[in-house]
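A short reminder: the numbers here are calculations on the coordinates, not readings from a lab. Given the structure is predicted, the values throughout are model-derived calculations rather than measurements. Quick reminder, even Gly has a Cβ in these numbers, built from the backbone with ideal geometry, and neighbours come from all protein chains shown.
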């Protein structure tokens, strides 16, 4: 199945039945479901090891959760805001990485236990949010320079532009002097307010353009929040340029 | 170029979700074929992007790629027609080198009267 076909199938499935929550990691699927449920619902999930879980949701709150195996509180109890931490810990312990083996939501029955205050979805989401990841090389200029260093024969020079300032990052002095007029024109062109892709380039867009004149190779222009990086590549195809950037960003 | 040229190209290259032929001087859509029925405004925006990237700079470019997390736009000039360009929307993991080569082949088969029609 091609990525396009997979995307189309996902969109069609989503249009028919709502978000395919079972495709997300279990804890995320669960908190998303709580956050989007207003009417009383019974949500049943089966983990890969066969454990069967039932959650009672209403008004974007989790009122009760039950497990088919012997379990300590907060399982099988009426829940309130004071149980938020315990519930978050229990969910993290019970729901492993991967996905639910089965996941379905049905309307609640009259006898279903909705007699508690419940835990707000927002509180659970906040409590379960992963800690901000520490990216080893988060500095954008460092990443650009790292790409240049990883392929010294292919990358002739690299530059970064923030505001109206253009700063050379790597490359010999002669190469930078020779390239600077062309690079300045290029930066001005792609950051012009009338350029329809300028907005995307200042966030997460990537542009690959042929080098001017008879020069072989291409320019790889990488967008970042508030900054644009540019790598001048020798004798490199556009696909190889994108692959070089992708390879060094993982 | 026949009415089936673009659908046949897309059938042969499943990564191509939309193919647009634009007059980049007037930013007019000359022909388009896509997996979905894209609104005219969207096709016009693609033609505008093609104009800005291919024709607006001091150096006239023959190709360009624009990548976002959602997909790739490949722009390819139709050199023998001057102000005409092809734009292909692809999935993010498509092979852009192959697609640019295929777009080049497709461009070479477009006759001047077809772009003027």
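For this structure, a couple of remarks:
- With only the Cα atoms considered, the stretch A:189-248 has a convex hull volume of 80 Å³ per residue.
- The long axis of helix A:84-94 is offset from the longest Cα principal axis of chain A by roughly 80 degrees.
- Distance cut-off 20 Å, percentage of C-alpha pairs in the stretch A:143-238 lying past it: 29 percent
- Here the Gaussian network model covers chain B, with springs between Cα atoms less than 10 Å apart; of B:33, B:95, B:44, B:95 fluctuates the most.
- One equal scatterer on each Cα of the stretch A:60-210, no solvent, Debye formula: the resulting log10 I(q)/I(0) at q = 0.09, 0.14, 0.18 Å⁻¹ is -0.60, -0.78, -1.12.
- Acute angle (nearest 10 degrees) that the helix A:238-248 long axis makes with the longest principal axis of chain A, alpha-carbon atoms: 60 degrees
- Chain A: angle of helix A:26-35 to the longest principal axis, Cα-based, in degrees nearest 10: 70 degrees
- Per the Kirkwood formula applied to alpha carbons, the protein assembly as shown shows a radius of gyration over Rh ratio, Rg over Rh, of 1.10.
- Helix-derived mean residue ellipticity, 222 nm - over the protein assembly as shown, DSSP H n ≥ 4, -39500 (n - 2.57), to 500: -10500 deg cm²/dmol
- Dimensions of chain B along the principal axes, based on C-alpha atoms and rounded to the nearest Å, stand at 31, 30, 28, largest first.
- Computed label-point distance, nm, for sites residue B:56 and residue A:69 using a 7 Å Cα→Cβ extension: 6.0 nm
- Average Cα contact separation per residue, the stretch B:70-113, under 8 Å, 6 or more apart, as relative contact order %: 41 percent
- Comparing the stretch B:42-111 with the 2.2 N^0.38 Å rule of thumb, its C-alpha radius of gyration ratio is 1.05 (two decimals).
- Simple spin-label estimate for residue A:127 and residue A:185 in nanometres, 7 Å along Cα-Cβ: 6.1 nm
- Along its principal axes, the stretch A:33-104 has C-alpha extents of 30, 24, 19 angstrom, given from the largest down.
- log10 of Debye I(q)/I(0), alpha-carbon scatterers only, for the stretch B:9-75 at 0.20, 0.26, 0.28 Å⁻¹: -0.86, -1.29, -1.37
- Label positions at residue A:7 and residue A:110, each projected 7 Å from the Cα along the C-beta direction, are separated by 4.9 nm.
- For the residues of A:2-9, the average number of beta carbons from a partner chain within 10 Å of their own beta carbon is 5.
- Taking A:195, A:55 and counting other C-beta atoms within 10 Å, the order from fewest to most: A:195, A:55
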